[in-house]
Amino acid sequence: MMRIECPWCGSRSEDEFLCGGQSHIARPDPAAASDDEWAAYLYQRDNPKGPHHERWLHRFGCGQWFNMARDTVSHEILAVYPMTAPKPELLDVPGGEA
Amino acid sequence: MKRTRQRLPHARVDTGKPLTFRFEGETYRGFSGDTLASALLANGVSIVGRSFKLHRPRGVFAAGREDANALVQLEHGAWSEPNARATLVPLYDGLVAEGQNAWPAPGWDLLAALGLLKKVLPAGFYYKTFIWPNWKYWEGLVRRLAGLGRAPTAPDPQYYFKQTVHAEVVIVGAGRSGLEAAVAAAQDPGCRVLLLDEQEEPGGSLLASPDPVDRAWLASTLERIAQCPNVTLVPRCSVNGYYDHDVLAALQRVCSHLGPHAESTAPREIFWRVCAGRVVLATGALERPLVFPHNDRPGIMLAGAVREYTHRYGLTLGERIVFFTNNDSAWHTALELAEHGVRVAAIVDVRPRVAPELLRQATAAGIVDRLGYSVVHTRGRRALRQLVIRRLTEGGHGLQGPRDILDCDLLAMSGGWSPTLHLYSQSGGKLDWRDEDSCFVPGAGSQAVTVVGRANGDFPQPLHTQAYWLTPGVAPDCQWVDFQYDVTAADIQLAARENYVSVEHVKRYTTNGMAIDQGKTSNVNGLGILALATGRSIPEVGTTRFRPPYHPATIGAWAGIELGALYQPFQRLPAHACHVALGAQMADMGGWQRPEYYPQAGESEQQAIAREVLAVRNAVGLLDYSPLGKLEVHGPDAREFLNRVYVNNLATLKPGAARYGLMLNERGIVVDDGVVVCLAEDHFLLHTTSGGASAVHRALEEWLQCEWVALRVLVSNVTTQWATFMLSGPGARAVLAQLPCDIQCSRDDFAHMQFRTGTLCGVPARILRASFTGELSFEISVPAACGESLWEVLMAAGASHSITPFGIEALMVLRTEKGFLHIGSDTDGNTMPQDLGWGDAIGKNPGDFIGRRSLALEAGQDPQRLQFTGLALEDETGTTVSGAHVLSEDGNSSAGYVTSACFSPTLGRTVALGIVAGARARLGETVSVYYEGKTQPARLVAPCQLDPEGARLQADAAAPQPVRQPGTPRSAVPQPATPQPATPQPAASQHIPQVLAARGPLAGDSGIATPGFRLREATGVELLRLQVFHRGEGQVEALASALHTALPGPGIAHPQGARTWLWCAPGDWLVTVPAGTGATELAALRAAAGELLAVAAAVTDSRVMFSLGGARVREVLARGTTLDLHQQYFEHQRCAVTRFASVPVLLLAEGDEMLLFACRSLAAYLSAWFRAVSRDC
């Protein structure tokens, strides 16, 4: 069970959180987006083996969403950063890209 | 009673404390400090059970967790435990056990005849043999012949719970290395050291040592550790799993070792969740058996086990002991035994050469040595009698020379040592093969874990192990690898021949290490045999990844107290007691305990529901509607936000008006519906489906926090703050009119889909005129504390109108008659608004809303989409059920299904709703409804099958619209129901109290007071909530400045005069103020908030406050939360919002007390939870 550092509440157990899936997915302009673009926004997600950027909710705590970079193999948490912040550089991760 | 063997004088058993026990019906004697295994050995019981498949006799073979042979059924009845390892069961007085998988008895098992079939029962025989006719045909027979113990059929008479423990250093194993690690870690006084040991007493392999120096070291180290306040040593606590982020799972045997008759309030076992800063694994090493012909005979044991039985339990297990080994450790054991007067006859070693010093010492002790020899056969039916040995060829690939016979009564074998790396492997650590010791040692790690001592391959003396995986030149099918599961070397070779390459596949095909053994003794030998058979090295073969649990865990411990009523959290309605008093049939609905219906004497469920439905149609009914979701949305951008959230256009919704709205997810799927109320230009009240409030709230917050961050909006969930009742029926207005209320309820003053706030019976009230029944309805909300009182008042006021309480079942009939949608019943995961006839409404919302773009995708345009419709069965006496399929035109496939169906007492026939392909264009068509092999014709009709004009909404006590009574023919025009709706009787209003009584959520619950733990409902304070739009620039600072206080940050409770501020979330505080000052304080907060986007509200009614105390309060709390509650971290005036007993709570440390704030509706659940979990305090 992971221990997650909530940006507000500090270290808590995984069972207080909810994973909202991949983060940094821009919502296309609904009026301008083609069907394919809209479908990609809805359904196409990365499934990396290694670092992954996700959004998480501290559901049983402060109720805040935040971003988290997590290694999907080791479950190591590489970064926790605000919802509106850009993707951080993950320098110490082999092959990790911004 | 039989005579028991004399114990050696240095044994650790207490011969002054004899105990009697029964095994297989015989009474025996043992001593305090014995295990069941040592006591059986002391009494000369050589056969304890039978193997899983072939029923071969099995005796005690090891001394610890690795023994998968001596399995017993411990005790009888509800307490009984199957597959208990005799080596792990400490003896207690009166213990009763029986052998397993034997008939009639382990010593004389007729099923052993199966052994004759060994040749036709190789690995995988299941898959090859039981093909005809199918496995199910054979399963019953196989289960009877092969197996383990029996699970008890009655509920466990004892209980279990779970707890979370935090420590900076967690050490697993209290042997020499673990104790040394604990002493070292204890140097830092701020470091909490947790030392978990699985044995009955700490010491690990030191307990098997006869050396006085070892024993003195153990005693003094334990003494030293006992004096370290920061070290907690827990015996009988097996760590079973190593999970992510250094979280361990452990199982503590609290009183299970005392047997079923122990008088204790303690739980049988406790499930520990251990959160570690770093972990030290001092888990020791397990000795491996050697693989040779007939190595599974009782009387053949691990050499280390012989050592432990001799020195720890003081048993002389043989008069002529022979050792068989491939490493030096057995030589040391043999010499040590000889030193203590135990006769060792010989040492057979597969190695052609050993250290001359060992040879010299052996000769001096009178021990015969046979170097370069292997055992090729063992003899003795019930006990070991003889060994046949033969010389190995140079290189060890064959046998040569004559057979030699050694008489012996015990064979002590050692095939080398495997560091116990199960937990290390679970942590993600890699295992490296070390050739010189023929074992895996820790490789690269991935968590904060270190491995020490023998677990790390640091053996006290060099082993000089020579790999020896099976005996060459003799049949492999009698050389056992997994004793308990009857896996032989031949089985593994067969798997290799059948082209199984992966070790994971071989394991599953042969079942090697699959059951009780879990690879502890069989894993490495199996790998060695597979490597030989496939011409690879062991590192090339690789090993299986170990998975939790390390040792079988009791399912009861995983369940904890989450059983029966506490299986999951339940929420109670404010008027719960009233429903119970009325005899309501309660059911769990969306986490709420709600009345389904209120049966009267002699009434069936259907009769009760029909009576309630007709009462609403003909007179007036009362429904507890409190779970109806209620969210408040504040802010200058609230209207814009809601326009993006709802399909409808809300731009025109005026204050005081209400509109039904539909909510989609981004995929365009309908997820919720409800009435939206405009309270003010910047203030809205959203009603969601019952039980859906949390999910909708979460979705709204996600949009606001992640996408529309600039929108100035605050959302709060006020569902449990209000008790809501639905007064529905032609008499509704007349009943309401009797209550003192400043809201005008006349037809002209209060139209349909309007909302009013005011004062009802002296308390704040909100009334919505909407209708989910098709009748004139008022949905009345008052503060939750007054809910029970309002129910009583409405029942009293309605008495003269024959007011009838009705439950969810009647509500569902009423709304199905009207064709009102129920999200989740009448919609599925594909339903879009156009399927519900909302195509036109979508057009009216000029802007974008969640999911709108998805409606235009190709799938949304398909004319054959499943669309919402009514279904009228052609046979008016027919019935159908939800889930029945509507057939396609060719009758070969499904073209939709019935989503709601019930008997309508109003119409005297079944009414049904469904979603059917292209239904909206097919109105009037006849379709076939299929259910359980029968089809019946039905017409597609408009969903609303009663009063489509909505005339009944205007029905009033003065102009009743009678409907029929049950049992009357449909053609007969029904007469008005009795009693006649009447004008209010003036006398009735005399019973109406002018002011509603406020009641606490735990009225009548006296709390808990045990020596170690106290719980009571806290009173004396009122609660306010202050929210500010924290994403807005400078809003929090401006608010703090206006309030002349520093607003506390995360985790802090900040006193300010009589107020205490508790941080709940960014821009969100709970404020406690003395009772009686709530109104003034609220006004003060509102004044301070001024023009800021901030909302202050009184929330006392929506919360329950528990005051918790007693010496063990933090211990009890640790059974419900994973939060670190140590005084050092959670000190006075710390607070935390956390998950507790599966529900959200706010915890506050207040001196020696702890305060727990939770949703009022959860008060009864939490009270019951605390009662269950504090039984041992």
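Amide hydrogen proximity for B:THR899: with H placed 1.01 Å from N in the peptide plane, the residues at 5 or more positions away or on another chain lying under 5 Å are B:GLY883, B:LEU913, B:GLY914, B:ILE915. Think of each Lys and Arg Cβ as +1 and each Asp and Glu Cβ as -1; about the Cα centre, that makes the dipole of the stretch B:863-943 roughly 260 debye. Checking the cross-link filter: which lysines have an alpha carbon closer than 29 Å to that of B:LYS654, excluding same-chain neighbours under 8 positions apart? By straight Cα distance, B:LYS654 reaches B:LYS630, B:LYS818, B:LYS844.
Packing, taken as the mean count of other beta carbons within 10 Å per residue, orders the peptides B:690-703, B:307-320 from highest to lowest as B:307-320, B:690-703. Dipole magnitude for the stretch A:1-55: about 220 debye, using +1 per Lys or Arg Cβ and -1 per Asp or Glu Cβ, origin at the Cα centre.
Surface calculation, 1.4 Å probe, protein heavy atoms: B:TYR127 sits at approximately 130 Å² accessible.
With respect to chain B, whose longest principal axis is taken over its alpha-carbon atoms, helix B:808-818 is tilted by about 50°.
Accessible surface of chain B, 1.4 Å probe: 53 percent of it comes from carbon and sulfur atoms. Between 0 and 90 degrees, rounded to the nearest ten: what's the tilt of helix B:1078-1089 against the longest Cα principal axis of chain B? The helix B:1078-1089 is inclined about 90 degrees to chain B. Projecting the Cα positions of B:ALA97, B:PHE125, B:ALA37 onto the charge dipole of the stretch B:14-145 (unit charges on Cβ atoms of Lys, Arg, Asp and Glu, taken about the Cα centre) puts B:PHE125 furthest along the positive direction. For a straight C-alpha distance cut-off of 29 angstrom, the lysines reachable from B:LYS162 (same-chain residues fewer than eight places away being disregarded) are B:LYS520.
What angle do you read, to the nearest 10 degrees and between 0 and 90, between the alpha-carbon axis of helix B:1163-1173 and the longest principal axis of chain B? Helix B:1163-1173 sits at roughly 10 degrees to that axis. Less than 5 angstrom separates the built amide H of A:HIS52 from those of A:ARG70, A:ASP71, A:THR72, all sequence-distant by 5 or more or on a different chain. For the stretch B:1130-1138, 3J(HN,Hα) computed residue by residue from phi via the Karplus equation (6.51, -1.76, 1.60; θ = phi - 60°) reads 10, 8, 3, 6, 9, 9, 7, 8, 8 Hz, glycine and proline entered as x. Heavy-atom accessible area buried between chains A and B is around 3300 Å² (1.4 Å probe, both sides summed). Between B:GLN187 and B:ALA942, the contour length at 0.36 nm per residue exceeds the alpha carbon distance by 263.9 nm. Amide H contacts for B:ASP1068 (H built 1.01 Å from N in the peptide plane; partners 5 or more residues away or on another chain; cut-off under 5 Å): B:VAL1028. Listed by chain and number, the aspartates and glutamates whose C-alpha is less than 20 Å from the C-alpha of A:LYS87, apart from same-chain residues fewer than 8 away, are A:GLU5, A:ASP46, A:GLU54, A:ASP71, A:GLU76, A:GLU97, B:GLU702, B:GLU707.
Other residues whose C-beta falls under 9 angstrom from the C-beta of A:ASN67 contribute a net charge of +1, scoring Lys and Arg +1 and Asp and Glu -1.
Assuming 1.567 mPa s and 4 °C, estimate D for the stretch B:14-145 with Stokes-Einstein, Rh taken as the Kirkwood radius over Cα pairs, in µm²/s.
On the way: Rh = 16.1 Å.
D = 81 µm²/s.
Ordering B:HIS397, A:HIS24, B:HIS579 by the projection of their Cα atoms onto the charge dipole of the protein assembly as shown, which places +1 on the Cβ of Lys and Arg and -1 on the Cβ of Asp and Glu, puts B:HIS397 at the extreme positive end.
Label-to-label distance, B:ALA1084 versus B:ALA921, with points set 7 angstrom from Cα along the beta-carbon direction: 6.8 nm. For the stretch B:329-342, backbone phi angles converted through the Karplus equation (6.51, -1.76, 1.60; θ = phi - 60°) give residue-by-residue couplings of 4, 5, 5, 4, 5, 4, 5, 5, 5, 4, 4, 8, x, 8 Hz, Gly and Pro being listed as x.
Please give the charge dipole size of the protein assembly as shown, origin at the Cα centre, charges +1 on K and R Cβ atoms and -1 on D and E Cβ atoms. Round to the nearest 20 debye.
3140
Phi angles across the stretch B:236-251 convert, under the Karplus curve 6.51 cos²θ - 1.76 cosθ + 1.60 with θ = phi - 60°, into 3J(HN,Hα) values of 6, 10, 8, 7, 10, x, 10, 10, 4, 6, 6, 9, 10, 10, 9, 10 Hz, Gly and Pro given as x. Over chain B, dividing the summed -39,500 (n - 2.57) contributions of all DSSP H runs of at least 4 residues by the number of residues returns a 222 nm mean residue ellipticity of -6000 deg cm²/dmol. Placing unit charges on each Cβ (+1 for Lys and Arg, -1 for Asp and Glu) gives the protein assembly as shown a dipole about its Cα centre, and among B:ALA770, B:ASN649, B:LEU410 the Cα reaching farthest toward its positive end belongs to B:LEU410. Rolled with a 1.4 Å probe across the full set of protein chains, the surface gives B:HIS1126 an accessible area near 70 Å².
Here the peptides B:998-1007, B:1097-1106, B:705-714 are ranked by packing, the mean other Cβ count within 10 Å, and the order with the highest first is B:1097-1106, B:705-714, B:998-1007. Among the residues of A:7-19, the average count of other protein chain beta-carbon atoms within 10 Å of the residue beta-carbon is 5. Peptide packing: for B:220-230, B:22-32, the average count of neighbouring Cβ atoms within 10 Å per residue gives the ranking B:22-32, B:220-230, highest mean first.
The values are calculated or read from the model by the stated rules, or taken from the named source; none is laboratory data. Since we're looking at a predicted model, the values are computed, not measured. Positions of Cβ are backbone-derived with ideal geometry, glycine not excepted, and every protein chain shown enters the neighbour counts. Note: accessible area is taken over every heavy atom of the protein model, side chains too, but ligands, DNA and RNA are not part of it. Shrake-Rupley method; radii C 1.70, N 1.55, O 1.52, S 1.80 Å.
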